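Everything on this sheet refers to the single structure shown next.
The values are calculated or read from the model by the stated rules, or taken from the named source; none is laboratory data. The model shown is predicted, which means the values in this text are computed figures rather than measured ones. Here the Cβ is made from the backbone with ideal geometry for all residues, glycine too, and neighbour counts use every protein chain on show.
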């Protein structure tokens, strides 16, 4: 008789992770197990690096690209797993969220067109996952390329997406990027305006300070003007 889920959980709960062999995890994995347990097995394998990837690869060949196995491939941080995930993404007619999330720390290897394809997806989860990938690509992009990827996201009706875009943009200090953040401070929701003003303050250039000074006079909401003034005063203190 095979091992039961209860017995598997018992072993997980009583034995330290590093003492549980990848081969055993590979052997007990089954599509008949609950998703929660399959996910836990996948995580254990993913955290086992090279040995984990060997088991994950065999399980994918046997059971297909199950979500928990794709996640495990991302967790193991192996070059072979990265190449597998990248190939999988390129074969998908439409990017799948599990694959994009698994590639999270490897955004730098994606092309601009591949990132654009992901960020053009209307799903909030896909857009947020794409922005996480973009963080790792940022150092390879000039301002024009960066704005090409995210300008349309600044018009997203979902506040969370716009806020994440601003947090990506604030890592750069080019004037055209500062202009986009400044526009978000003029046209966004209350929370977006606050995040945009803080972003301008964090950039800390002469141009971002000028934009803050303008916003401290032009914004219609008094609380927003006060935030702009506070960020501006931080600039003066820092540069003084």
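Observations, loosely collected:
- Where a residue in segment 184-201 is closer than 13 Å to residue 169 by Cα and its partner, wherever it lies, is at pLDDT below 95 and outside any helix (DSSP H, G or I), with Cβ under 9 Å and at least six apart: 195/188; 196/188
- Qualifying residues in segment 10-21 (those that are within 31 Å of the chain's Cα centre (by Cα) and either outside any helix (DSSP H, G or I) or modelled with pLDDT of 95 or more (or both)) - the one nearest to residue 50 (Cα to Cα): 21
- Breaking point among (1) under 22 Å from residue 110 (Cβ atoms); (2) crowded, with 21+ Cβ neighbours inside 10 Å, for residue 135: (2)
- Sole exception among (1) out of contact with any helix residue (DSSP H, G or I) (no Cβ under 6 Å at 6 or more places or on another chain); (2) part of a helix (DSSP H, G or I); (3) in the same structural domain as residue 231 (by TED's automatic domain parsing) for residue 157, by number: (2)
- Residue among 27, 51 that alone is under 24 Å from residue 86 (Cα atoms) and either touching a helix residue (DSSP H, G or I) at 6+ places or on another chain (Cβ under 6 Å) or exposed (fewer than 14 other Cβ atoms within 10 Å of the Cβ) (or both): 51
- Per-region count, segment 162-180, residues assigned to a helix (DSSP H, G or I) and surrounded by fewer than 18 Cβ atoms within 10 Å (Cβ to Cβ): 4
- Only a single item in (1) closer than 20 Å to residue 126 by Cα; (2) assigned by TED's automatic domain parsing to the domain that holds residue 214; (3) surrounded by fewer than 20 Cβ atoms within 10 Å (Cβ to Cβ) is not met by residue 191, and it is number (1).
- Of the listed requirements (1) under 25 Å from residue 170 (Cβ atoms); (2) touching a residue at least 24 places away in the same chain (Cβ under 8 Å), residue 111 misses just one: (2).
- Residue match in segment 203-219 (condition: under 24 Å from the mean Cα position of the chain (by Cα) and in a helix (DSSP H, G or I)): yes
- Residue among 86, 103 that alone is modelled with pLDDT of 95 or more and in contact with a helix residue (DSSP H, G or I) (Cβ under 6 Å, 6 or more places away or on another chain): 103
- Options 111, 65: the member that is over 30 Å from residue 154 (Cα atoms) and outside the structural domain of residue 149 (by TED's automatic domain parsing): 65
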